[in-house]
Structure formats: C-alpha cells, structure tokens
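The values are calculated or read from the model by the stated rules, or taken from the named source; none is laboratory data. Note that the structure is a prediction, hence the values are computed from the model and not measured. What goes into the accessible areas is simple: the full protein's heavy atoms, side chains included, and nothing from ligands, DNA or RNA. Shrake-Rupley method; radii C 1.70, N 1.55, O 1.52, S 1.80 Å.
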Amino acid sequence: MRALCLGLALCGATAPLAAQRTVYDRVILHGRVMDPESGLNAPRNIGIRGGTIAAVTSAAIRGKDTVDAQGLVVAPGFIDLHDHWQTPSGYRFAALDGVTTALELEGGAWPVTQWYLD
C-alpha cells in the first residue's frame, strides 16, 4: 500500500459540527490515518489550516485544496536514523518513501568509555 506522508504530527483532533462547516486550507480525504502515538489506524479526513492539522474526523469536511488519499496511508513523517545518501537525488527518494528526517549517525564517539567520562 502506498503512503501519503505528512510532515506534521497528527494531533488526534476530531471535528465538532462547527468545524465540519469550516473550509480548511487543505483537506486530505479518505486516507487510512496511522498515528502511532494515539493508536489510530482507520479511514479519516484531515483538515489543515495554517500549516497545522486542525481536524481529524470521519465526518465530511471541505477545503480550498483537496487531496484524495483513497487507498493511501496518511502518517507522520518517518525518521531514518542511518542513511548514506546525502545527495539531492537521495533526499528526493527518501521523501517519496515518507522520510522527513534523515540522520547520518554512523560516526559516533570512540572510545565510548572516555566519551562518558568527559
């Protein structure tokens, strides 16, 4: 299953009736929302306003810009703790896989014991 990645944390907000009448800047409709923090794993609609997730709901919502995520997973951005592709094309491929943070953590400290003492 393909993924649609959000570089925003899913806030777990639900949309009350007034919010359902709101027109958001962008809405993501019908995506399978996966949020490890709250345990949510279900089809939902997401309303985004000012770059922030304002609503996560099963109710119908409207937006100035709409993305149909039917058949896609919507999740927070993934973190890659060990990569070897610090190039523009490497970053592009990572973004297509949903990676929003990539770290090269191979170096570390040596000797480790001395690092703890300093």
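Here are some notes:
- Less than 5 angstrom separates the built amide H of Leu72 from those of Arg32, all sequence-distant by 5 or more or on a different chain.
- Amide H to amide H, with H built 1.01 Å from N, Arg62 comes under 5 Å of Tyr24, counting only residues 5 or more places away or on other chains.
- Translational diffusion of the stretch 74-118, µm² s⁻¹ [Kirkwood Rh, Cα pairs; Stokes-Einstein; 20 °C; 1.002 mPa s]: 175
- Along the stretch 53-58 the Karplus relation, 6.51 cos²θ - 1.76 cosθ + 1.60 evaluated at θ = phi - 60°, assigns HN-Hα couplings of 5, 9, 8, 10, 8, 8 Hz to successive residues, with x for each Gly and Pro.
- From phi via Karplus (6.51, -1.76, 1.60), per-residue ³J(HN,Hα) for the stretch 22-35 in Hz, x at Gly/Pro: 5, 9, 7, 5, 9, 10, 10, 9, 6, x, 7, 7, 10, 10
- Using the Karplus relation 6.51 cos²θ - 1.76 cosθ + 1.60 with θ = phi - 60°, the per-residue 3J(HN,Hα) values for the stretch 69-80 come to 9, 3, x, 10, 9, 10, 9, x, x, 8, 10, 9 Hz, with x marking Gly and Pro.
- Shape category assigned to the stretch 32-104 from the gyration tensor of Cα positions, a/c cut at 1.5: prolate
- Solvent-accessible surface of the stretch 19-85, taken per residue with a 1.4 Å probe and all protein chains present: 55 Å².
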